[in-house]
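Here is the structure we will look at, set down as structure tokens.
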Amino acid sequence: MRPMCTTCGTQWDERPQPPDHCPICSDDRQYVAPTGQRWTTHEELATTHRVRIERDGDLLGIGITPAFAIPQRALVLATDIGNVLWDCTSLVTPEAVDALAAIGGIDVIAISHPHFYSAMVEWSDALGGSRIMLHADDAVWIQRTSPAIELWHGDEHSLSPTLHLYRCAGHFPGSCLLHWTGAPNGRHVILAGDTLHVTADRRHVTFMYSVPNYVPAHPDHVKRTRARLADLPIDDIYGFTWGLNVIGDGRAALDASIDRYLAAVGH
Ligand SMILES: [Zn+2]
Ligand SMILES: [Zn+2]
């Protein structure tokens with residue numbers, strides 16, 4: 001079997017039995033459900049859930065319905081190096097693979113941090129071996145291995161002239177975001193995952209070591225993020241799930257959010 005944790009949605013390598021605990025959910029950034037550690041498999045999940053494919057802002061979103069685990073939605077980006085899947089989910093179905101094949105398939109899967117590693121290898125295999133780009137600083141969290149996984153190092157990595165990954169630590173050491181200058185309608189966007197956490201008002205972001213346990217990120221990380229992203233043009237910031245996006249004036253929203261955050265934590 002390949003066990004899948006029902007709280008974080010992470011799929012494991014083939015093994016005879018599930019592990020006794022999920023290291024991702026036992027970590028202080030996550031939590032074990034009140035009912036205790038539970039496991040499913042991809043096959044079992046496919047009998048009760050479907051892939052949700054819908055527009056979110058200007059982009060095509062991929063999620064799961066009914067909601068499962070965290071529940072993030074991934075985004076499909078039509079870029080100058082082919083289609084990129086930003087972040088990932090736990091369920092792949094033949095219908096979803098067909099829908100993606102109809103728009104040219106997925107060349108690269110790039111993931112912000114370990115909470116969204118989910119069923120990345122299941123997706124890559126189903127899509128014919130899409131490359132999976134992960135930050136090397138979080139490699140310890142990879143639970144299902146594959147030759148498709150490529151680790152990148154350092155603070156910045158260019159996938160193409162329009163697509164740049166930036167490491168912005170605070171949530172995980174290798175937490176990253178993707179800046180894309182070729183989004184539809186001439187827009188410059190940040191795909192943030194949980195690296196910048198878009199807040200409920202959809203006009204700000206915040207910076208969390210743990211989202212569910214409400215532990216703020218260290219201000220030194222936030223200051224480094226401010227420096228790293230200082231010169232980027234930003235129209236929109238896409239958060240980790242459906243509709244949680246800052247649409248318009250993203251640059252001003254990020255600057256105001258950093259000022260507000262640093263003031264709140266006493267800097
Ligand atoms: Zn888990
Ligand atoms: Zn997370």
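Values as computed for the structure displayed
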read-out	value
Single residue of region 55-68 satisfying the filter (in a loop (DSSP other than H, G, I, E, B) and either free of Cβ contacts under 8 Å to residues at least 40 places away in the same chain or within 16 Å of ligand 1 (Cβ to nearest atom) (or both)) that is surrounded by the most Cβ atoms within 10 Å (Cβ to Cβ)	F68
Unique residue being surrounded by fewer than 16 Cβ atoms within 10 Å (Cβ to Cβ), of a type outside the set (D, E), outside any loop (DSSP other than H, G, I, E, B) and more than 16 Å from ligand 1 (Cβ to nearest atom) when the list is A200, A227	A227
Residue in region 115-133 that is nearest to ligand 2 (Cβ to nearest atom), counting only those that are in a helix (DSSP H, G or I) and not hydroxyl-bearing (S, T, Y)	H115
Residues within region 8-19 that are more than 9 Å from ligand 1 (Cβ to nearest atom) and either β-branched (V, I, T) or loosely packed, with under 14 Cβ neighbours inside 10 Å (or both), tallied	6
Residues (touching a helix residue (DSSP H, G or I) at 6+ places or on another chain (Cβ under 9 Å) and among the aromatic types (F, W, Y)) located in region 97-122	Y117
Test: residue in region 205-226 that is over 26 Å from A69 (Cα atoms), touching a Cys at 6+ places or on another chain (Cβ under 6 Å) and modelled with pLDDT of 95 or more	yes
Scope region 28-54; condition of a type outside the set (S, T, N, Q), buried (at least 16 other Cβ atoms within 10 Å of the Cβ) and within 16 Å of ligand 2 (Cβ to nearest atom); matching residues	R29
Subset tally (residues that are of a type in the set (F, W, Y) and either part of a strand (DSSP E or B) or free of Cβ contacts under 8 Å to residues at least 12 places away in the same chain (or both)) for region 24-54	1
Test: S112 is within 16 Å of ligand 2 (Cβ to nearest atom), in contact with a strand residue (DSSP E or B) (Cβ under 9 Å, 6 or more places away or on another chain), closer than 22 Å to T40 by Cβ and not charged (D, E, K, R)	no
Matching option when the condition is surrounded by 20 or more Cβ atoms within 10 Å (Cβ to Cβ), touching a strand residue (DSSP E or B) at 6+ places or on another chain (Cβ under 6 Å) and either closer than 27 Å to F207 by Cα or among the small types (G, A, S) (or both), among C22, C5	C22
Some residue of region 167-189 being part of a helix (DSSP H, G or I), touching a residue at least 40 places away in the same chain (Cβ under 8 Å), touching a helix residue (DSSP H, G or I) at 6+ places or on another chain (Cβ under 6 Å) and within 16 Å of ligand 2 (Cβ to nearest atom)	no
Single residue of D125, D87 found to be modelled with pLDDT of 95 or more, of a type in the set (D, E, K, R) and at positive phi	D87
Pairs, first modelled with pLDDT of 95 or more in region 244-267, second surrounded by fewer than 15 Cβ atoms within 10 Å (Cβ to Cβ) and of a type outside the set (A, V, I, L, M), C-beta under 8 Å, six or more apart	R251/P233; L262/K223
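The values are calculated or read from the model by the stated rules, or taken from the named source; none is laboratory data. This structure is a prediction, so every number in the text was calculated from the model and none was measured. All Cβ positions, even for glycine, are placed from backbone atoms using ideal geometry, and neighbour counts span all protein chains on display.
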